[in-house]
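Structure, as structure tokens:
The values are calculated or read from the model by the stated rules, or taken from the named source; none is laboratory data. Note that this is a predicted model, so its numbers are computed, not measured. Backbone-built Cβ (ideal geometry, glycine too); neighbour counts: all protein chains shown. Keep in mind that these areas ignore ligands, DNA and RNA; they rest on the heavy atoms of the full protein, side chains included. Shrake-Rupley method; radii C 1.70, N 1.55, O 1.52, S 1.80 Å.
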Amino acid sequence: MKSSLAPLNVLVVINSLTPAVRSFSNTLLPWFEHYGIPFDVVDLLGEPLPEDLPDFPLVVLGHAGLDDQGTRLGPDGLKQLRAAVEMGSGLVSFDPRLSCRLLDVSGQVKEGQEVQALDVAAGHPITERYTHGQRIGLVSPLALSQVPDGEKLIVGAGGTLPLLSVQQHGLGRLVHWAAAAWMDSSVLGPLGGLDSAFWRSIVWAARKPFCMRGFPPVVTMRVDDVAGWGRLWQREPLYWVRDAVKAGFKPWLGLFIYNLEERT
């Protein structure tokens, strides 16, 4: 059966049976909403991958521990994912174990290495805004798991274990994140230095055409020293506020309240 999901949306795969699904809800989901990335969710707890998986421009494995027991996806699900990528769908994974199983390197998985800072390798579209060797300090240590070999774009400082690596598989592009905990403010958080790498990894991996808003609706309006002198122009006090609201603004006003006229 084909899905009824939008073909240009990102397909996010989660498993609500696992405690790690909170990582998707608390960290990844706010990023998707902030950047205006259109997406649909498949929950492995109660539904399989859609048959038209290759029609999606991008598949995101939304958190670690999606299918550690191999009972949700199974061999057929892994084959579906591989086939979709080989046919051109992009894949961004936040599940290191599933990344390794997908590419038959499960025996190489290592977990638990903690790093205090990250080094960036510039020169790739994902890390274009960084300088080569740029170091990003962390508020607290970040545990990295091993991901499949590829071009290492961000590595733990002083080591070789990557936080972010990329590779090509068939016609598709793969991005492997070794951890998502950096999204938490207790480790690094938004505006900590990896925002660009996150959204660029989504755009780079996705098969084109691909759409996202890219810039959040942050335009606002602030007016200080506001006096209600509309009567000077035979208008009601603060008449322009009504026009601003009609135009979609939510103005912040620094009012001189003693200038306002009482209305009955």
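Structure notes:
- Other residues with beta-carbon under 12 Å from the beta-carbon of W204 carry, at +1 per Lys or Arg and -1 per Asp or Glu, a net charge of +2.
- Ranked by the mean number of other Cβ atoms within 10 Å per residue, highest first, peptides 150-156, 205-211, 185-191, 250-256 order as 150-156, 205-211, 185-191, 250-256.
- Oblate is the label for segment 1-86. Its Cα gyration tensor axes, ordered a ≥ b ≥ c, give a/c of at least 1.5 and b/c at or above a/b.
- Pairs of alpha carbons in segment 127-170 whose separation is greater than 15 Å (percent): 48
- Compared with the dominant Cα axis of the chain, that is its longest principal axis, helix 74-86 is turned about 70°.
- Highest average packing first - 133-140, 53-60, 64-71, Cβ atoms within 10 Å: 53-60, 64-71, 133-140
- Rotationally averaged projected area of segment 149-205 (alpha carbon convex hull; nm²): 4.1
- Where labels lie 7 Å past Cα in the beta-carbon direction, separation of F249 and L29 in nm: 3.4
- Compactness of the chain was expressed as the Cα radius of gyration divided by 2.2 N^0.38 Å, which yields 1.28.
- Accessible area per residue for the chain, computed on protein heavy atoms with a 1.4 Å probe, is 52 Å².
- Cut-off 9 Å between beta-carbons: net charge of the residues surrounding P7, Lys and Arg +1, Asp and Glu -1: -2
- Calculated [222 nm] ellipticity per residue, helices only, for the chain: -5000 deg cm²/dmol; basis is -39500 (n - 2.57) per DSSP H run with n ≥ 4, divided by all residues, nearest 500.
- In degrees, nearest ten, helix 195-205 long axis to first principal axis of the chain (Cα): 60
- Using bins of 5 Å that start at zero, the share of Cα-Cα pairs per bin across segment 18-135 amounts to 2, 9, 16, 20, 21, 17, 10, 5, 1, in whole %.
- Net +/- balance of residues flanking F256 in space, Cβ distance below 11 Å, scoring K and R +1, D and E -1: -2
- Accessible surface of the chain [probe 1.4 Å, protein heavy atoms]: carbon and sulfur percent: 54
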